[in-house]
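Notes follow once the structure below has been shown.
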Ligand code: GLV
């Protein structure tokens, strides 16, 4: 039997490669940067599996190059960088790594929320720059209280729900908007109040985004939506940059339609050197690290590898994105080990 060949687009934490190497020939891009499109196309040509990151755009051009590709496993929960429809049509299995990063992302969302409300990054800069000359000042770096406020969660999936659960300790009221509403008794049990997106934006002190990036959610938060928010409210984004229209957000922050923002994701990553967000004081910026804990990232690596091994063994993988593929190409036909 031919040993399956896998291309891994970046060095991953343990135990991803160890798991893969037990069954497959593994080729890894050892550089810090993602492979170029050309390189990805080149590398994937003779492979049966691709372990990619959210920085790799896996579209029909890439799939065209790989005539025997059976599985695309992304080391991420989001899969907007993979053309899933195209993969399904071709009988290629697409898998992701949900669940194991939920708590890391929810914790980080609250870290950003608290950070921007209580001006922690500004405070750190103030101390380091030597500006701190007076021992204690009655009004120095006053922020906005979090306790007793209202958070509006846009997208109540696994991560949105974990963000909601953490609200209790801060006595924060939780509103949510999602395309699917929960049954009333579940809402009541979990202390969640459903709102339309417009109502949520109008009533919340903190708006936190947890929807996947799709055609429907692209620029979900634009000028009109930002104008609905309270002038004292903050926007937190740990989902995908393109959920928010950056140009409108910059305008909102500069003109004071909202009080501030904390962003882990951007329309263009890394952020452009001339992006005006870099100049604004009422924003916290992070380089897409919400899931970056040692625990979450190693679990993600393990699952990303196990997803590949399962498919190549002809078994349903732990996290299959495109369930329809099971009808296009049954597991017995992709089995190699
Ligand atoms: C990170 O953004 C992920 O999708 O895992």
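The values are calculated or read from the model by the stated rules, or taken from the named source; none is laboratory data. Just so we're clear, the structure is a prediction, and the values are computed from it rather than from any experiment. Counting neighbours? That spans all protein chains shown, and the Cβs are built from the backbone with ideal geometry, glycine included.
Points worth noting:
- Residues that are surrounded by 10 or more Cβ atoms within 10 Å (Cβ to Cβ) and in a helix (DSSP H, G or I) within region 177-197 comprise 186, 187, 188, 189, 190, 197, listed in sequence order.
- When 99, 115 are checked against the criterion of being away from the ligand (no atom under 16 Å from the Cβ) and within 17 Å of residue 293 (Cβ to Cβ), 115 stands alone in meeting it.
Okay, residues lined up against (1) surrounded by fewer than 17 Cβ atoms within 10 Å (Cβ to Cβ); (2) more than 30 Å from residue 305 (Cβ to Cβ); (3) touching a strand residue (DSSP E or B) at 6+ places or on another chain (Cβ under 9 Å); (4) modelled with pLDDT of 95 or more:
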site: 103; (1), (2), (3), (4): no, no, no, yes
site: 118; (1), (2), (3), (4): yes, yes, no, yes
site: 121; (1), (2), (3), (4): no, yes, yes, yes
site: 126; (1), (2), (3), (4): yes, yes, no, yes
site: 136; (1), (2), (3), (4): yes, yes, no, yes
site: 141; (1), (2), (3), (4): yes, yes, no, yes
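- On inspection, residue 106 fails the criterion of being away from the ligand (no atom under 16 Å from the Cβ), more than 19 Å from residue 326 (Cα to Cα) and in contact with a helix residue (DSSP H, G or I) (Cβ under 8 Å, 6 or more places away or on another chain).
- Taking the listed residues 220, 249, 278, the one that is away from the ligand (no atom under 16 Å from the Cβ) and within 21 Å of residue 156 (Cα to Cα) is 220, with no other qualifying.
- Evaluated against (1) out of contact with any strand residue (DSSP E or B) (no Cβ under 6 Å at 6 or more places or on another chain); (2) assigned to a loop (DSSP other than H, G, I, E, B); (3) within 16 Å of the ligand (Cβ to nearest atom), residue 239 falls short on exactly one condition, (1).
- Test result for residue 174, in a loop (DSSP other than H, G, I, E, B) and either surrounded by 12 or more Cβ atoms within 10 Å (Cβ to Cβ) or in the same structural domain as residue 54 (by TED's automatic domain parsing) (or both): no
- Qualifying residues in region 12-26 (those that are touching a strand residue (DSSP E or B) at 6+ places or on another chain (Cβ under 6 Å) and not in a helix (DSSP H, G or I)) - the one surrounded by the fewest Cβ atoms within 10 Å (Cβ to Cβ): 25
- Only one of the numbered conditions (1) assigned to a loop (DSSP other than H, G, I, E, B); (2) surrounded by fewer than 17 Cβ atoms within 10 Å (Cβ to Cβ); (3) not assigned by TED's automatic domain parsing to the domain that holds residue 215 is violated by residue 77, and that is (2).
- Summed over region 281-309, residues that are assigned to a helix (DSSP H, G or I), more than 16 Å from the ligand (Cβ to nearest atom) and in contact with a strand residue (DSSP E or B) (Cβ under 6 Å, 6 or more places away or on another chain) total 1.
- Residue 88 fulfils the conditions (1) part of a loop (DSSP other than H, G, I, E, B); (2) at negative phi; (3) away from the ligand (no atom under 14 Å from the Cβ) except for a single criterion, (1).
- Taken over region 242-253, the criterion of being part of a helix (DSSP H, G or I), touching a residue at least 24 places away in the same chain (Cβ under 8 Å) and more than 18 Å from residue 281 (Cβ to Cβ) is satisfied by 242, 243, 248.
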